[in-house]
Amino acid sequence: MKKLSAVILILILLLASSCQSIPSGPDYSDSQYWAYYHEGEDKPAYAFMVCPVVDMGRNGNLNMSLSDEDMKASFVGALNMEKGIYDDSAIIYAPFYRQMTFPVYSERRSTSGYYLDIAYSDICAAFEEFLRIIPEESPIILAGFSQGGQHVLALMKDYFDDPSLQERLIAAYCIGWRVTEDDIEAYPHLKMAEGEKDTCVIISFNSEAADVSDSMIVPEGVRTLSINPLNWKTDSTYADKSLNIGACFTDYSGTIIEEIPCLTGAYIDPERGTLKVTDVPSEEYSSALFGDGVYHLYDYQFFFRNLEENVIARTEAWLDESR
């Protein structure tokens, strides 16, 4: 009887945990809750940009506090590091949000549950405010890296079955997050990029060394869908490093501290779907956070100039189509 009571108690606690109400989030009509608010002028598009993980959860927190000013400064810094990819094409908005902290990812529980719900509730509220702010019928770019890419994919699933929004979408850059065949089957309006200039599509890839078979972003046994940012092919055709216009390594101000043309080539692994990066020594670009040969931190930095050029090309293609 005691064992049965214990089991019942555990079930009650689990149910209570799963039914936790989400604390109210920011009022995004107040510009103080935006890391970027109308950043840029006289650009043809509007970008909604979602920050990657910056909070390491060292205080035991599993969602970032928006009252932590030091963490918000790091949040802006992380956005600055990739902002240059979109600067020439779009006026940028990027919300502060109660992102999941790194322990949620390291424990591989980032794809469902309370902490995801908190983070994504903020993203949805901010995106709806973004749509209210920007001019009607203006073209949209979704831009996200890592957790940002995860939330961008979720926005694509939940909002872009609306034909009027589809027509406005230049592209969704879900870099550093996985997109699977199951995602496409469950949400038929999702379309992966198949070339350099198609629009209303998702651009996704995850960089790693040839011998990697598992990561917290693409676990072993999962196949992700990718496009190669050097040759814009979706098959395993190898792209030589001569196609790499420039790897750019940026700091928290967004300044490019080192630019290396032709740093690396790449090909898509036909089994994992990940982007296998060649020509770089894994010991120089691995991270203790993600493991040997997982180049997650360099997903956009390795291919910075190619991505920058691609955002411009897709924006021009959308504008040509809309004329």
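The values are calculated or read from the model by the stated rules, or taken from the named source; none is laboratory data. Just so you know, these numbers come straight off a predicted model, no measurement behind them. All Cβ positions, even for glycine, are placed from backbone atoms using ideal geometry, and neighbour counts span all protein chains on display.
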Check Glu107, Glu39 and return the single one that is out of contact with any Phe, Trp or Tyr (no Cβ under 7 Å at 6 or more places or on another chain), of a type in the set (D, E, K, R), at pLDDT 95 or above and farther than 20 Å from Cys174 by Cα.
Glu39
Residues being of a type in the set (Val, Ile, Thr), within 16 Å of Asp299 (Cβ to Cβ) and touching a Ser or Thr at 6+ places or on another chain (Cβ under 9 Å) - total across region 221-272:
4
If you go through region 293-306 one residue at a time, do you hit one that is farther than 28 Å from Glu185 by Cα, small (Gly, Ala, Ser) and in contact with a Gly (Cβ under 9 Å, 6 or more places away or on another chain)?
no
Single residue of Met64, Met81 found to be under 19 Å from the mean Cα position of the chain (by Cα) and closer than 21 Å to Tyr115 by Cα
Met64
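Here's the yes/no breakdown for (1) acidic (Asp, Glu); (2) crowded, with 24+ Cβ neighbours inside 10 Å; (3) under 17 Å from Gln20 (Cβ atoms):
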position	(1), (2), (3)
Met71	no, no, no
Asp87	yes, no, no
Ile91	no, no, no
Met100	no, yes, yes
Arg109	no, no, yes
Leu116	no, no, yes
Would you call Arg178 in contact with a Leu (Cβ under 9 Å, 6 or more places away or on another chain), closer than 22 Å to Val294 by Cβ and among the basic types (Lys, Arg)?
yes
List the strands (runs of 3 or more DSSP E) inside region 228-296, counting only whole elements, that have at least 2 residues being under 21 Å from the mean Cα position of the chain (by Cα) and over 15 Å from Leu307 (Cβ atoms).
266-268
